[in-house]
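The values are calculated or read from the model by the stated rules, or taken from the named source; none is laboratory data. Remember, it's a predicted structure, so these values are computed and weren't measured experimentally. Here Cβ is always computed from backbone atoms with ideal geometry, including for glycine, and neighbour counts include all displayed protein chains.
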There are 4 protein chains.
Amino acid sequence: MRLATLTSGGDCPGLNAVIRGIVRTANAEYGSTVVGYLDGWVGLMEDRRIDLYDDAYIDSILLRGGTILGTGRLHPDKFKAGIDQIKANLDDAGIDALIAIGGEGTLKGAKWLSDNGIPVVGVPKTIDNDVAATDYTFGFDTAVSVATDAIDRLHTTAESHNRILIVEVMGRHVGWIALHAGMAGGAHYTVIPEEPFDIADICKAMERRFQMGEKYGIIVVAEGAVPKEGTMEGGLGEEDEFGHKTFTGMGQIIADEIKARLGYDVRTTVLGHIQRGGTPTAYDRVLATRYGVHAARAAHEGNFDTCVALRGENIDLVPLESAVAHLKQVPEERYKTARSMFG
Amino acid sequence: MRLATLTSGGDCPGLNAVIRGIVRTANAEYGSTVVGYLDGWVGLMEDRRIDLYDDAYIDSILLRGGTILGTGRLHPDKFKAGIDQIKANLDDAGIDALIAIGGEGTLKGAKWLSDNGIPVVGVPKTIDNDVAATDYTFGFDTAVSVATDAIDRLHTTAESHNRILIVEVMGRHVGWIALHAGMAGGAHYTVIPEEPFDIADICKAMERRFQMGEKYGIIVVAEGAVPKEGTMEGGLGEEDEFGHKTFTGMGQIIADEIKARLGYDVRTTVLGHIQRGGTPTAYDRVLATRYGVHAARAAHEGNFDTCVALRGENIDLVPLESAVAHLKQVPEERYKTARSMFG
Amino acid sequence: MRLATLTSGGDCPGLNAVIRGIVRTANAEYGSTVVGYLDGWVGLMEDRRIDLYDDAYIDSILLRGGTILGTGRLHPDKFKAGIDQIKANLDDAGIDALIAIGGEGTLKGAKWLSDNGIPVVGVPKTIDNDVAATDYTFGFDTAVSVATDAIDRLHTTAESHNRILIVEVMGRHVGWIALHAGMAGGAHYTVIPEEPFDIADICKAMERRFQMGEKYGIIVVAEGAVPKEGTMEGGLGEEDEFGHKTFTGMGQIIADEIKARLGYDVRTTVLGHIQRGGTPTAYDRVLATRYGVHAARAAHEGNFDTCVALRGENIDLVPLESAVAHLKQVPEERYKTARSMFG
Amino acid sequence: MRLATLTSGGDCPGLNAVIRGIVRTANAEYGSTVVGYLDGWVGLMEDRRIDLYDDAYIDSILLRGGTILGTGRLHPDKFKAGIDQIKANLDDAGIDALIAIGGEGTLKGAKWLSDNGIPVVGVPKTIDNDVAATDYTFGFDTAVSVATDAIDRLHTTAESHNRILIVEVMGRHVGWIALHAGMAGGAHYTVIPEEPFDIADICKAMERRFQMGEKYGIIVVAEGAVPKEGTMEGGLGEEDEFGHKTFTGMGQIIADEIKARLGYDVRTTVLGHIQRGGTPTAYDRVLATRYGVHAARAAHEGNFDTCVALRGENIDLVPLESAVAHLKQVPEERYKTARSMFG
C-alpha cells in the first residue's frame, strides 16, 4: 500500500510525532511506503511531495516542534475547484489513502474529499483542545505547560511588588488553555470566552485578597474573553465568523479597568507564540505517536471517512463528520470547579 | 460539616494539590472546616492532627512535591485492631467524613473502615498508574516527564560513544511508566513486566540497528521486568506477594547479557527516586486539584464508600471496592503499538 | 554581632539565596544574629523588621523567586532627610552593620549611608548585568535562560509558518540579556542599546536568509534598542535620565518596519515579567549564596564601605564607590563576536 | 585559509556549539573553509573527514548534545607513532591549522602535535571543570543544572519519608560538580575528593538535623570521594593513575555506613550519564560559541600553540602548555564557604 499524509493549519507541538508514527507503522506493521505533501493542501494541489522513509531522520523528528512537511492555508473555494487536480495527483503518485492532519478547517476539507471519493483518514490537530470528538488533542498539554511555567514565575514577581498581573493566553473561541493553566498555575481568577466576565466580580475577588492580607493577584485571561453584556462601557469588539465578539488585547483592557477601579498596580503579560512552538511534552509525544499509529492502521484496514480520537485510555475511530460537528467548549461544571480555587 | 483527610503510602507529586483542592472546596462551596491527620493511618490512630485553613499557606502548596501531612505505613493487623480507637478519635474531633488519599493498600484500608461504619471517600494515588478504576492517576505524568527528560539527554551521549544505554524506570508490577517514557523518549526497545522479555529478541533489535548504520541504542526497562521462561539462564529472582518474580537490578542484568552476547559497550542508568519527587507537571496539578474538589463534594453530598476516578474528560465517583479490585496492567494492544516504534 | 539586611529595587531571582547565605554564615561562622528590614529603605525608615533565624524556613527559601523581605522605592530626598531616623532605628535595634542588597540606586544610597558613618556592605543586584564592578550579577543567568527557552520554542513556529519573529527582551540601557539570549538561542540578528541599529542592515540580513533558501528569521531586540541617527523616519522616542532616547515597544516598531520594507509576515513577542521571576538557575543560586556568605564575612571582619563582586572565579570586595561608578555596557568586541553568528 | 577541527574524549554539552562557532566565524570573518575529522584522533589518522559548510545544518546543531563529529580514544603510543601519517593527511587535505577540542589527554596530544610542527589551537573540554587555565569550561554548567534539578526533586521525597538521601554525582578527581550542585540544591552535606571525609562528621551533621526537628537530609557525594585515613574500616579502594584511591559506588558505601551507625532510612541515587548529555544550558551555549569564535580567530591570526580560556568576562589565549599543567581542584576556601551552608 502507498499512503500520503500532509499537515495543514497552524503549527502545534506533536505534528512531527504523528508523521513519525504513520511512517514507522506503515513500514513495521504493513511494509508500506509513505509520501508527504508539502505545505498542506497547497502542496497536494501543486504536487509537491517527498518520500518519507523509516530512517534515522524520521526517528529524530519526535522531539521537534513545528512540522517537517510545512503547512499552509488554501481558500476553500480554490480547494474545491481543484478536486480534479488533486485526484489526478494522487493517482499519478499511486496513493491508496490520504491521512490529513489538521484542525477544524482541514478536517472539513478532508470530509469533502472523502465525500468526493478519496479514501481519507483524519487526525485532529488543535492546540486549543476544541475538537468535539476527542477528549484531548496533542499540543494542548504543551501549551498548558508553557503557560503554567510562565505563571509559576510571575507569582513571585507579582508578590514582591504588590502587583496584580494579568496573563493573556491563547484561546480565541474556547477557554481550555486558560482553564487548565489557571488551575495548574494557582491563578486567583481565570476568564474564559464561554463565561462572559463581569469586571466588578473580578475586582471584588482582588479586593478580597488584599483585605485578607495578600499582597498580589494573578489573573489568567483567554485572548477570546468577552465582557458580560452591559458590564463594561466601551467594551465593544467585533463579531467574528462564529458570531463571537472578539477584542484585541483583552488582557490589557481588563488590566486598565482594574487599575481605574481599584488603583492597584496592574501589569499585563501576553504569552503569545511561545505557547505553540518547541518540543512537545511527554504527554503530547505519546498521544501524537498513538494517533499516527492508529491512523496508519485505519488506512490499511480500509476504515476511511474516519478520524482518530482519544476516548478515555483508548484511541478510537470516529466518523470524520463528528470531528467537525461543533466546537468543544468548557462545560459549566469545569468552570465552577475552577472558581472554587479562585481567590 | 467537618472533614478529615490523610495521605498514606509512598509519596507522589500532586498529593498537596489534592489537599489544597479539598480544603478550598470545603471552604468556598460549603463553608466547612478540614482537619489533616499526620503520617497516614498512624496519625489517625494516635490522634495527631492539624487544622487546615483556606489561607495563603494552603494556596502555596500547589507546586510542592511530597505531602505536608507526611505519610507512614501501618500493618493491616494493627490497623484493624485499632478500629475502636479510630472511631473514638474521629468522634472526639467531631469529624463527619474522612477522605483517604493513597494507593491500593490505603484504599483497602479505607474500604474496611467504610464497611465498619465510617463515612469514607477515597482518592486513588499511584505513581505507577495501576489503579483499575481510573484512566490516569496524578503523579504518573510527572514520573513519565522526568524519565523522558532523562532519556532525551541520554540519546546524544549514547550516540557520541556508540553505546547501548539501558534506562531502568519505576514499575514493579506494571509497565505504564516504561511504556509511556519509552514512547515519548523514542526508545529503541522497551521492556515491561506484563510481557516477559526474550533477551534474544532485544539483541536482534539492537543488531538490526547497528546493521542499518545506527551507532547506538536506548532500551527502557521497567524495574519489574521478567525474562520469558527458559530464555535466560540464571534468571531466577524471587516471587513477591502478587506471585510475580522480581529481580534486583534488572536493567544491569539485561545490560550484562547484551554485552556478553553482542560485545557492544552497554551501560545502565537507574533513574530511581527522582521520578517520584518534586513539583508536579501542569497535567498532574489539574488532575489532583480536580480529585480534591470532587472528593470534598462527594463527602458533603453524602456519597460515601466511593472513590474519585478520571473517566475520559470527567471525574466520576466509583464504588470504593472497584478501585482496589485488581491491578491495571498495560493491555496487549498498547504494547503492540509501542513495538511498532522500536528499532 | 548583630547584622541587618534589606532588599531594594526591582525583584531578581536569587535575592532570597543572598539572604539565606547571610543568615547561615552569620550563625555558623560567627554565632551572630540577623535582622531583616521590610520593603527596602522604607522599612528601615519606619523601623519595620523581622528576626531571621537559621531555621528550616530560611533553608527553604533558596529556590524561591522574589524576596521574603519585600522591596520598595523611596525618593532619594526623603531617604536623605531621614538619616537621623535611620541612625536611631539602627541604634535602637542594636545593629552593628547593614548589608544592603540592591541595584545602582540602592548602592548609591548605601554609599551615602556609609559616608554618613553607618557601617555598610553592599551586594549588587541587577538582572541587566550592568554593574561595573562585578563580572556577573545573580538573576542575569536566570533571565537569559528564560529568554533562551522562549527563543528555542519560537524557532519551530517561525519556521513552520515562514515568518520573521521579533523577540523583545529586557534591557533598557544595556544589551547583556539580548546579547546572551540571542547567542544562546541562535538568533539571526540581535539589537542592543549600545549599538544603534540600522533598519536597512537588519532587512538585508533577513533578505539574505530567504535568498539562501531559509524560510524564517528570529531577531532578538533589547527593549532599549535605538535606531541609528537618521535611519528611521519617525523614530523619535524620549530622552530618559541617562540621556538615552527610549521607545515604547521597539520590537513592534522594528517588526512594522521590516514588514513595510520586505513584505514578510513579521510577528512580535514581548517576553516581559517572566524574565525576572521564579526559581533561580543553579548558576544564580551559587553566585547569590556566595555573595551572601562573603557579605556576612566582610561585615564581621569590619570591611565596610565595600561591595561584594565576582571577579573570575573569586568573590572579591571592591570599594562601594566603584560599584556605582558607571553602567557596564556590552563592549564592541562582544557585539562583533555576536555578529559573526548572525544570519 | 583551510581549518580542520575534531572532538575527542568523553562527550560534553556544547561541543556542537564550538564547532558551529568555528565554522561560522571562519566563513563570516575570513571567508575560510572548515573540515571536520571524525571520531577524534582516530579519524585524523585514518583520514576520515567531512566538509563543514556554514549552512542551515550547522546552524541547527547549537542545541544538540553530543558531537556531530563523533569522538573516540586512541592510545598515546599509537598516536605518536602515527605522526607522519597525520602530517601527510593534513597536507593532502590542504589544512593550514588544526583546532583540537578535548580534555586533558586531547590537549596533551595537541601540544605534542604543536611541538612537532603542526599549527594547533586547543579548546578545553571538561565537564568536571578541572582545566587549570580557564575559569569555567562548557558542559559544567549543564551538568550542575541537571544535578541540581534532580536534587530539587529529591528534597520532597526525602522529607515525606523521613529519609536521608545520598546523591552521587560526577567528579572522579575533582569536586566542582558536587560543590556547585550541592550549594545550588541546598544539600545538607557535600563530599568532594579534595577533602577526604570523616564519616563521623557526616553522621554528626545528620544527627544534629534530626535533633533540631528536621526529618530528612540530602548528601551530595562526588563519585571520587575518599575517606580520611583511618576513619572508615574496610574503606580500601584502589589507586588510580593520579595516585588517588578510588572506590566504586562511594555513595552507597556512605549510605550503608550512616545506616549502620545511626539506624536511619538511607537511600542512594546515582545520577550517572544524564549529567553529560542533552541540550546545553544557555550559559554553556554562549561559552562554547565564544570558544569557537576565538579559536577560529586565533588560527587565522597565527596564534598557534595556544588554547582559548575564559578569564573573568573575557576569552583569552593561553599557552597550550598551561592548559594541561595540572588539575584544577576546589580550593579550600570554596569548600569552607560550602560548609557554612551545610546542616
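Within the range B:198-231, which residues are among the aromatic types (F, W, Y) and crowded, with 23+ Cβ neighbours inside 10 Å? Passing the criteria: only B:Y216. Name the residue that is surrounded by the most Cβ atoms within 10 Å (Cβ to Cβ), counting only residues in the range C:322-332 that are more than 25 Å from C:V35 (Cα to Cα) and modelled with pLDDT under 95. Out of the qualifying residues, it is C:V324. In this structure, A:G105 qualifies as in contact (Cβ under 8 Å) with a residue 12 or more places away in the chain, away from chain C (no Cβ under 14 Å) and either of a type in the set (F, W, Y) or surrounded by fewer than 19 Cβ atoms within 10 Å (Cβ to Cβ) (or both).
Within the range A:262-284, is there a residue that is more than 15 Å from the chain's Cα centre (by Cα), under 27 Å from A:I192 (Cβ atoms) and without any contact (Cβ under 8 Å) to a residue 40 or more places away in the chain? Yes - at least one qualifying residue is present in the range A:262-284.
Conditions (1) under 30 Å from B:E168 (Cα atoms); (2) more than 14 Å from chain B (Cβ to nearest Cβ); (3) out of contact with any Phe, Trp or Tyr (no Cβ under 8 Å at 6 or more places or on another chain); (4) not in a loop (DSSP other than H, G, I, E, B), marked per residue:
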position: D:K259; (1), (2), (3), (4): yes, yes, yes, yes
position: D:T269; (1), (2), (3), (4): yes, no, yes, yes
position: D:V293; (1), (2), (3), (4): no, yes, yes, yes
position: D:E321; (1), (2), (3), (4): no, yes, yes, yes
position: D:Q329; (1), (2), (3), (4): no, yes, yes, no
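Being closer than 30 Å to D:R285 by Cβ and either in contact (Cβ under 8 Å) with a residue 40 or more places away in the chain or within 12 Å of another protein chain (Cβ to nearest Cβ) (or both) is a condition met by at least one residue of the range C:88-101. Among the residues of the range B:128-162, those that are part of a loop (DSSP other than H, G, I, E, B) and closer than 15 Å to B:L310 by Cβ comprise B:N129, B:D130, B:A132, B:A133, B:T134, B:D135, B:Y136, B:T137, B:F138, B:G139. Filtered by the rule that a residue be touching a residue at least 24 places away in the same chain (Cβ under 8 Å) and either over 25 Å from D:I315 (Cα atoms) or not assigned by TED's automatic domain parsing to the domain that holds C:G103 (or both), the range C:290-300 gives C:G292, C:V293, C:A295, C:A296, C:R297, C:A298, C:A299, C:H300. Among the residues of the range D:242-261, are any in contact with a helix residue (DSSP H, G or I) (Cβ under 9 Å, 6 or more places away or on another chain), over 30 Å from C:D152 (Cα atoms), of a type in the set (F, W, Y) and at pLDDT 95 or above? Within the range D:242-261, none of the residues are in contact with a helix residue (DSSP H, G or I) (Cβ under 9 Å, 6 or more places away or on another chain), over 30 Å from C:D152 (Cα atoms), of a type in the set (F, W, Y) and at pLDDT 95 or above.
For (1) among the hydrophobic types (A, V, I, L, M, F, W, C); (2) more than 13 Å from B:E223 (Cα to Cα); (3) within 14 Å of chain A (Cβ to nearest Cβ), each residue gets a yes or a no:
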residue: B:I166; (1), (2), (3): yes, no, no
residue: B:V169; (1), (2), (3): yes, no, yes
residue: B:G175; (1), (2), (3): no, no, yes
residue: B:A181; (1), (2), (3): yes, yes, yes
residue: B:A184; (1), (2), (3): yes, yes, yes
residue: B:P193; (1), (2), (3): no, no, no
residue: B:D198; (1), (2), (3): no, yes, no
residue: B:C203; (1), (2), (3): yes, yes, no
residue: B:G213; (1), (2), (3): no, yes, yes
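Whether a residue is within 14 Å of chain A (Cβ to nearest Cβ), modelled with pLDDT under 95 and under 22 Å from A:N162 (Cα atoms) was assessed, and C:G66 passes this test.
Does A:S160 satisfy being within 11 Å of chain C (Cβ to nearest Cβ), more than 19 Å from A:M183 (Cβ to Cβ) and hydroxyl-bearing (S, T, Y)? So A:S160 fits the description; yes. Counting the residues of the range D:1-54 that are under 30 Å from D:I274 (Cβ atoms) and within 26 Å of the chain's Cα centre (by Cα) gives 29. Reported count of residues in the range D:43-57, each being modelled with pLDDT under 95 and either within 14 Å of chain B (Cβ to nearest Cβ) or touching a Leu at 6+ places or on another chain (Cβ under 8 Å) (or both), is 0.
Put simply, of D:T279, D:T289 the only residue that is closer than 23 Å to C:H180 by Cβ, buried (at least 18 other Cβ atoms within 10 Å of the Cβ) and within 14 Å of chain B (Cβ to nearest Cβ) is D:T279.
Considering the conditions (1) within 27 Å of the chain's Cα centre (by Cα); (2) closer than 20 Å to D:A296 by Cβ, D:L63 is excluded by exactly one of them, (2). Those helices (runs of 4 or more DSSP H) of the range D:3-86 in which at least 1 residues are crowded, with 24+ Cβ neighbours inside 10 Å and hydrophobic (A, V, I, L, M, F, W, C), considering only elements entirely within it, cover D:15-30, D:41-45. Just to be sure before I move on: is C:N162 touching a helix residue (DSSP H, G or I) at 6+ places or on another chain (Cβ under 7 Å) and surrounded by fewer than 23 Cβ atoms within 10 Å (Cβ to Cβ) in the structure I sent? In short, no. Each residue in the range B:69-87 was checked for being of a type in the set (A, V, I, L, M, F, W, C) and either within 14 Å of chain D (Cβ to nearest Cβ) or without any contact (Cβ under 8 Å) to a residue 24 or more places away in the chain (or both), and 2 pass.
Scanning the range B:301-317 for residues that are touching a residue at least 24 places away in the same chain (Cβ under 8 Å), surrounded by fewer than 19 Cβ atoms within 10 Å (Cβ to Cβ) and within 13 Å of another protein chain (Cβ to nearest Cβ) yields B:R311, B:G312. Look through D:E195, D:E168, D:E214, D:E159 and report the one residue that is at pLDDT below 95 and in contact with a Gly (Cβ under 8 Å, 6 or more places away or on another chain). From the options D:E195, D:E168, D:E214, D:E159, the qualifying one is D:E159. Counting only residues that are outside any helix (DSSP H, G or I) and not charged (D, E, K, R), the range C:271-291 holds 6 of them. Within the range B:130-149, being under 20 Å from B:G65 (Cα atoms), facing chain A (nearest Cβ under 10 Å) and of a type in the set (S, T, N, Q) holds for B:T142, B:S145, B:T148.
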